[in-house]
Amino acid sequence: MPTRTSSGLFPDARARRRYAIALLILVVLSAGFGLGLLAWDNPMPFGTEGFWRIAQLRFTNVLVMILVAVCQAVATVSFQTIATNRIVTPSILGFESLYRAVQTSSVYLFGITGLIAMQGLLQFGIQIAIMVALAMLLYGWLLTGRYANLQIMLLIGIVIGGGLGAIATFMQRLLTPSEFDVLAARLFGNISNADPSYLPVAVPLCVTASALLWMRARRLNVMALGADTANALGLNHRRELMITLFLVAVLMATSTALVGPMTFLGFLVATLAYQFAGSDDHRLVLPVAVLTAFTILSGAYFVMRNIFYAQGVVSIIIELIGGVVFLIVILKKGRL
């Protein structure tokens, strides 16, 4: 009978080998799709000035994909940990309904000029600040108050999300066709929605928040055991929850304000990452989640743009697959 010996972060050598293989495959796929997006179908000869100029223009989209992948993956895994549930995500709880309501209100009140007026570094920062503030008020109350249980949190989140959605739908019905056409392009998550001028704000926010969550990976491992166990082990659960919640809100607000809502991307990525990593240790899960998110995003854009010539529907396909996986997981578990 083989002897199982501990191997650092892994229970045995087999688990370590499995994790290394999964990580290597994801790195190869990520690098392949990333380079493919930069170089595939480039009309200029390789190595010429024109080739690198086109590659440089395409690099902006690849950088946006990296930012979205990091934000969605790290935020969703961390949020599921503090909620001690792998079904809920910030998106499902109505976080992105606020984005739709803000965008629709701008067009409804001020016309297309209102949507244009919301573009710019200052407006981008204000959007992020509003979403972070409202998320802290909502989730801070739901996760730490006397109503801190999953069913009530889901119910209130769905009610708020549904209410904001109903208000946005009502205002959309009163728009002119041209106003609605412009607004509709902003309400679907799309990498091309990203304005390169936002990157000087989005990159530092993404790097800082994700790095802080990565540094708190050991504490997240303790938080995953529940409030009572975490407090018994000497961790201030409420304080850690609020810090993690703030960082999650920053990441989600940055991703949403940059490219629009992607409701099920985070859930799909987190679910696959736990399967690929074969571990619950956040030091192992977070890198796999980020690589999985970038592989899905870049792979989907590469295939849809170069094979089907329909890159505009990438987010719709990801949402469809993520929604199906969400239903399968719920039906398989038989509970939330």
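The values are calculated or read from the model by the stated rules, or taken from the named source; none is laboratory data. Given the structure is predicted, the values throughout are model-derived calculations rather than measurements. Positions of Cβ are generated from backbone atoms using ideal geometry, with glycine treated the same way; all protein chains shown enter the neighbour counts. Areas reflect the complete protein model, heavy atoms only, side chains present, ligands, DNA and RNA absent. Shrake-Rupley method; radii C 1.70, N 1.55, O 1.52, S 1.80 Å.
Yes/no per residue for (1) out of contact with any Phe, Trp or Tyr (no Cβ under 6 Å at 6 or more places or on another chain); (2) part of a helix (DSSP H, G or I); (3) modelled with pLDDT of 85 or more:
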{"site": "ARG219", "(1), (2), (3)": "yes, yes, yes"}
{"site": "ASN231", "(1), (2), (3)": "yes, yes, yes"}
{"site": "THR244", "(1), (2), (3)": "yes, yes, yes"}
{"site": "VAL248", "(1), (2), (3)": "no, yes, yes"}
{"site": "THR254", "(1), (2), (3)": "yes, yes, yes"}
{"site": "THR271", "(1), (2), (3)": "yes, yes, yes"}
{"site": "ASP280", "(1), (2), (3)": "yes, no, yes"}
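Would you confirm whether any residue within the stretch 258-266 is in a helix (DSSP H, G or I) and in contact with a Pro (Cβ under 7 Å, 6 or more places away or on another chain)? Within the stretch 258-266, none of the residues are in a helix (DSSP H, G or I) and in contact with a Pro (Cβ under 7 Å, 6 or more places away or on another chain).
Filtered by the rule that a residue be open to solvent by less than 40 Å² (accessible area, probe 1.4 Å) and in contact with a Phe, Trp or Tyr (Cβ under 8 Å, 6 or more places away or on another chain), the stretch 173-184 gives a lone residue, LEU175. Among the residues here, LEU187 qualifies as closer than 22 Å to GLY323 by Cα and either open to solvent by 50 Å² or more (accessible area, probe 1.4 Å) or in contact with a Lys or Arg (Cβ under 6 Å, 6 or more places away or on another chain) (or both).
One line per residue, one yes/no per condition, for (1) in contact (Cβ under 8 Å) with a residue 12 or more places away in the chain; (2) open to solvent by less than 40 Å² (accessible area, probe 1.4 Å); (3) farther than 24 Å from LEU138 by Cα:
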site: VAL201; (1), (2), (3): yes, no, yes
site: CYS206; (1), (2), (3): yes, yes, no
site: SER210; (1), (2), (3): yes, yes, no
site: MET215; (1), (2), (3): no, no, yes
site: ALA224; (1), (2), (3): yes, no, no
site: THR229; (1), (2), (3): no, no, yes
site: GLU240; (1), (2), (3): yes, yes, no
site: ILE243; (1), (2), (3): yes, no, no
site: ALA249; (1), (2), (3): yes, yes, no
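With the structure loaded, tell me whether LEU205 is in a helix (DSSP H, G or I), within 18 Å of GLN80 (Cα to Cα) and either under 22 Å from the mean Cα position of the chain (by Cα) or polar (S, T, N, Q) (or both) or whether it fails that test. So LEU205 fails the test. Looking at this structure, is LEU286 touching a residue at least 40 places away in the same chain (Cβ under 8 Å) and closer than 30 Å to ARG58 by Cβ? In short, yes. Looking at this structure, is VAL259 of a type outside the set (S, T, N, Q) and modelled with pLDDT of 85 or more? No. Scanning the stretch 15-30 for residues that are touching a Leu at 6+ places or on another chain (Cβ under 7 Å) and open to solvent by 90 Å² or more (accessible area, probe 1.4 Å) returns no hits.
Of the residues making up the stretch 5-60, those that are part of a helix (DSSP H, G or I) and within 29 Å of ILE307 (Cα to Cα) number 31.
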